[in-house]
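Read-outs throughout are calculated quantities, based only on the coordinates presented, and are distinct from any laboratory measurement. Predicted model, so just to flag it, every value in this text is computed and none were measured. Cβ atoms come from the backbone with ideal geometry, glycine included; neighbour counts cover every protein chain shown.
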Amino acid sequence: MGQTAPITLKAYTSKTPGEVKVEKGVTFRVRVNASGGLTRQWRYRYRYNGSPREMTLPASGEFREHLAQDYRRISDWKSRLRDGIDPKQAVARAITRKQNGARTFRQVALENLDNYQSRLTNLKQQKAIKSELERYAFPVIGDIPMVELRARDVAEVLRPLWHDHYAVARKVRDRISVTCNYAVGMDYMQANPVSVKVLETILGKSTHKDKHHKAVPYDDAPALFQTLIESEHPYDHAVAFVMTTLTRQGPLMTMTAAEVVGDVWQCPKTKNGNPYNIPLSKAAMAVLEKRGIDKMEPDELVFPGQRARRMNENAMCARIQTHRPDKNETAHGLRATVRTYLEDKHDFGEELIKVCMQHQVKTLVDRAYNRGDWLEKRRPIMEAVGEWLSHGL
């Protein structure tokens, strides 16, 4: 049973009011309560950071094992004090943690949803957080208390996706991990159970292979550009503009005439949420002239939708496949097409090309001190792309 408590069982089970000093700071009391009954109680007095503290503990029962159990708890309080921890505060936190541990994964995920969404600038991605949790995580672990959540539970969520839909599995895993990190911070659980190594141990190494956006070979790009620029279809013009500016589809879909100032597109928000100036080559300006930008109202979309105000995100892919059937090439893949051409045929330097593609370069410290956008340095790159695509058009 371990160490014997320095108090007799007779004193512990006594029905006579009184107080027994067990050791320094620890006493056992039998008192008459307000209703006339007896209360058997331990009292522990100590000092923490120079201030007096007191803790009480009701007697667990009337047998020797109850006495030993109580004394072990008091010994634990004293041990915490020796380690520099206030035992009263530690007990209070343990009670809070136990209460918070009753919160289910679903409750905590929804509690953290607004904070999680605020970290993303893309509205589509913000909506995806909740829909992915509702579709994949909640049916499996939604009702599990956070304090009981384990890696094996997370593995069961990911199992149907792990090998055949790893990109989705990775997103869902991240959604769960962010929720668990929040839970740890709020003291709802002790540690985040989401570990890639542990999940791979349970589920095995994923057999999924990343598939990149299929891109037009750069030898075919000028001919495609000629076809697009000669077309009267607004979505063809949008694809041509992607090729000449290396922009993403998101900013292009919301681009207004007022954003074009001279030969610069003052894009108000890119993927990272920051404004960005894009130099427009002669070929890019030719696309805008084809759109009739000079006659547009300031708030008019340069590349509007046909059935809705905004163009659908899949519209440009459909137009590429119209001109290049059976190729399955994508609009985003055009960025890879142009970059491959620049790397193979020119020597502008990797850093400048990354800036042209709106990728972050260098470290946070470097970006803090270099706050320019290298607009004029990027013009020769954009002109080289335009001349290659248009062949002097």
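Numbers below:
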quantity: For peptides 219-229, 12-22, 257-267, sequence by mean Cβ density within 10 Å, most packed first; calculated: 219-229, 257-267, 12-22
quantity: Angle in degrees between helix 87-100 and the longest Cα principal axis of the chain, rounded to the nearest 10; calculated: 50 degrees
quantity: About the Cα centre, charge dipole magnitude for the stretch 105-203 (Lys/Arg +1, Asp/Glu -1 at Cβ), debye; calculated: 360 debye
quantity: Cα-based helix-to-principal-axis angle, 234-245 vs the chain, degrees rounded to 10; calculated: 80 degrees
quantity: Set of lysines with alpha-carbon distance to residue 24 below 27 Å, sequence-local pairs under 8 removed; calculated: 10, 15, 78, 88
quantity: By average C-beta atoms within 10 angstrom, highest first, the peptides 66-72, 185-191; calculated: 66-72, 185-191
quantity: Residues of type lysines that residue 295 reaches as a straight line, Cα spacing below 20 Å, ignoring anything fewer than 8 places off in the same chain; calculated: 282
quantity: Helix axis angle, 333-345 relative to the chain longest principal axis, alpha carbon, degrees; calculated: 70 degrees
quantity: Set of lysines with alpha-carbon distance to residue 127 below 27 Å, sequence-local pairs under 8 removed; calculated: 171, 209, 211, 214, 269, 271
